[in-house]
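The values are calculated or read from the model by the stated rules, or taken from the named source; none is laboratory data. None of these values were measured; they are calculated from a predicted model. Cβ placement follows ideal geometry from the backbone for every residue including glycine, while neighbour counts extend to all protein chains displayed.
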Amino acid sequence: MFSLQIDEKNLHQFLKEHEKLLLFGENDAAAAEDFTIVSVRRRKRTTRSTERLISFNVSNSAVADFSVELRKSNILIDDSFAFIESYDNSTQLLDDSYQLVQQYADCFYRNDHAAFDLCEGGIQRFGSSSHVLIYRNRTTDSAAPSTNQTDENVIFEPDMAAYEPTFNEPRDRRNKRHISNIKVPDTLHVETAIFIDKDLYRHMSKNFPKNTEAHLIRFVLAMINGVQLLYNHPSLGRPINFILKRLEILHNDPKDLRRSSDIDVYLNSFCGWQRKLNPISDADPVHFDHAVILTGLDLYVVSKTGKVSNQVVGLAPVAGMCTMTSSCTINEGKHFESVFVVSHEIGHK
């Protein structure tokens with residue numbers, strides 16, 4: 001019987017373009033030399049203290065075998081979580097939204113260095129054994145987001161030093177929020193609303209033609225798992241958790257939301273639009289602290305001199321987390337590098 005061996009040299013031959021984009025991001029040619037396929041053998045699931053642990057062995061002919069131990073991630077989903085699908089003339093709110101998302105919550109694991117989605121076995125299968133793609137030569141520093149505009153792999157934004165929100169929230173309200181004497185808790189929680197535009201939904205439907213919505217939910221939860229990994233780093237002084245409050249798929253362009261590849265136009269429109277959806281009172285069950293829109297568009301930025309550059313994948317107003325008009329970010333979401341993009345942009349807040 002003919003047996004085909006899939007390895008780093010020929011994997012790309014078996015992937016469609018949208019699959020390459022999902023796995024490797026925009027710069028597929030560079031990624032071809034920057035990953036390793038390893039075999040995975042699951043070890044017995046264990047319980048230690050109150051943590052759920054999973055261990056597995058990783059092997060590859062080119063590297064020494066090693067073991068990975070993961071602990072279950074605390075994917076936080078709000079009790080009043082809402083999953084919404086919006087169309088031209090209707091909006092559908094799923095009655096059992098919380099139960100729908102909660103069924104995936106136990107799938108996500110991480111350690112100090114990596115985050116995993118283990119839903120449906122989690123590890124990708126090629127041939128007769130399980131494998132996972134691991135990027136090579138990425139140290140903590142090199143994997144971190146960069147604003148160096150000569151780096152074609154990870155370029156997050158244009159010059160943001162002079163960026164100011166164009167919204168007109170009263171200045172005294174902004175000042176009052178910043179002079180609060182409330183003690184900062186040991187753990188911070190950010191109630192988050194995530195919106196998926198129709199371009200990203202179309203992209204995901206190519207990768208996951210069956211049960212696209214379910215796969216989108218998993219994609220978003222995997223992204224949150226990765227973001228939490230970064231924001232739970234001890235160097236921050238206290239962990240920051242992101243609570244998923246709302247997930248909405250925009251199958252059509254909502255009124256008053258201008259979807260544009262010009263990142264400044266799109267961000268400004270989105271920030272104003274999401275404010276109208278968000279009750280002011282933090283006690284309101286549908287209130288959220290931060291809004292993220294994930295887009296399938298190829299974004300660009302126009303400089304002050306009129307030069308157009310597409311080397312931008314995310315944008316956020318600086319120091320806007322505590323201002324309802326500018327606690328919002330836009331990010332390209334077509335691939336798993338969106339974890340770094342979203343984390344970087346939220347960091348401006």
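Scanning region 300-342 for residues that are in contact (Cβ under 8 Å) with a residue 12 or more places away in the chain and assigned to a strand (DSSP E or B) yields Y300, V301, V302, S309, G314, L315, C328, T329, I330, N331, E332.
Please go through region 95-114 and give me each residue that is out of contact with any Lys or Arg (no Cβ under 9 Å at 6 or more places or on another chain) and within 15 Å of L53 (Cβ to Cβ), ordered by number. Matches in region 95-114: D112, A114.
When the residues of region 296-342 are filtered to those that are polar (S, T, N, Q) and surrounded by 21 or more Cβ atoms within 10 Å (Cβ to Cβ), the one that is farthest from the chain's Cα centre (by Cα) is S326. Do we find a residue being hydroxyl-bearing (S, T, Y) and surrounded by 14 or more Cβ atoms within 10 Å (Cβ to Cβ) anywhere in region 275-294? No, region 275-294 contains no residue that is hydroxyl-bearing (S, T, Y) and surrounded by 14 or more Cβ atoms within 10 Å (Cβ to Cβ).
For the list (1) aliphatic (A, V, I, L, M); (2) assigned to a helix (DSSP H, G or I); (3) over 25 Å from S90 (Cβ atoms); (4) out of contact with any Lys or Arg (no Cβ under 6 Å at 6 or more places or on another chain), I need the number of the one condition that L229 fails. Going through (1) aliphatic (A, V, I, L, M); (2) assigned to a helix (DSSP H, G or I); (3) over 25 Å from S90 (Cβ atoms); (4) out of contact with any Lys or Arg (no Cβ under 6 Å at 6 or more places or on another chain) one by one, L229 breaks only (4). If you check L297, L267, L277, which single one turns out to be modelled with pLDDT of 90 or more, under 23 Å from H215 (Cα atoms) and not assigned by TED's automatic domain parsing to the domain that holds A115? Among L297, L267, L277, only L297 is modelled with pLDDT of 90 or more, under 23 Å from H215 (Cα atoms) and not assigned by TED's automatic domain parsing to the domain that holds A115. Checking each residue in region 1-22 for being at pLDDT below 70 and of a type in the set (S, T, N, Q) picks out only S3.
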